[in-house]
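K.L.:
One structure, pasted below without further comment.
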């Protein structure tokens, strides 16, 4: 129970870090997965899942008012699912659940932003004081933290009891499981490289696939 509460609170902190306060990058998948592994006494699994998801989500840059996958809380859930399930099925399940939840959590984030408008000072009333602006910021920040704790805790409860059942039905072996995860990750990396070089050829995507399969062969 202590681990469960700590993980939910971690999700709240990472939700705030993504945009609301700081942006110290602790909400990036690599850091979030590592912190989750430390809390669950399985640093290796948390680090591996976080590293794979970092490659997947390199294209996600939280900025402005756009909607994007919320990586921090989602990675906490994904890394936890991998640790609790164990084995290669756990890694695949952890990565897949984090990618899905990242988009699902972004919907809650969009809803919270609409609620934030309640604390925006009304300029039509005249001069806006420091207290009104401060209150608006603090309320929006607190709501973001609470939202992160709630969505992380709810998703953790689901995967804690559902992950082992799903893992038992996983049909692929070790090599195929790691290869599947690596293929998706390095396909995403190919997209990033293609964008950085401003090229229009699909060769970078193919190169990402080749690298993914090659790296997968070295993973024990």
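K.L.:
Would you mind stating whether residue 32 is in contact (Cβ under 8 Å) with a residue 24 or more places away in the chain and within 18 Å of residue 161 (Cβ to Cβ)?
P.N.:
no
K.L.:
Also, quick follow-up: For the stretch 29-48, which residues satisfy the criterion of being at pLDDT below 90 and either outside the structural domain of residue 144 (by TED's automatic domain parsing) or closer than 19 Å to residue 153 by Cα (or both)?
P.N.:
Matches in the stretch 29-48: 29 only.
The values are calculated or read from the model by the stated rules, or taken from the named source; none is laboratory data. Bear in mind the structure is a predicted one, so any value in this text is a computation, not a measurement. So basically every Cβ, Gly included, is an ideal-geometry build from the backbone, and we count neighbours across all protein chains shown.
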